[in-house]
Amino acid sequence: MLAITTALLACTAGPDMPPRNAATNAAAPSLLPISHVLRQTVDGPNTALLTDTSADARADALRARAARLRGPVISGTDSDSMRASGAALR
């Protein structure tokens, strides 16, 4: 049984590995402290939400955003126009 398994494994293709050269022997990239990475970022519209230390302030901001998202997607006039167009097609 071991001989059959070994023979089958010998017939399989090896993993796709790039050829070994001087570039692959280069040193691994160094890890940067997160403070260095954060200094390179550009502030966006939600930066204050992410960097504010108060969890209550973040929760309040998220609740306010959720309330804004609960509104209608299509305005009343557009909705009426769409309904009228749909009725005309029938």
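Bear in mind that the values in this text are calculations on the coordinates, not laboratory data. Computed from a prediction, not measured in an experiment: that's the story for all the values here. Methodologically, a virtual Cβ is constructed for each residue, glycine included, from the backbone with ideal geometry; neighbour enumeration extends over all protein chains shown.
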> If each of residue 30 and residue 1 carries a label point 7 Å out from its Cα toward its Cβ, how far apart are those two points in nm?
Replying inline: 5.4
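Tell me, what is the FRET efficiency for residue 90 and residue 54 to the nearest 0.05, using R0 = 41 angstrom and their Cβ-Cβ distance as r? Walk me through the numbers before you get to the answer.
On the way: r = 55 Å, r/R0 = 1.34.
For R0 = 41 Å, the calculated efficiency reads 0.15.
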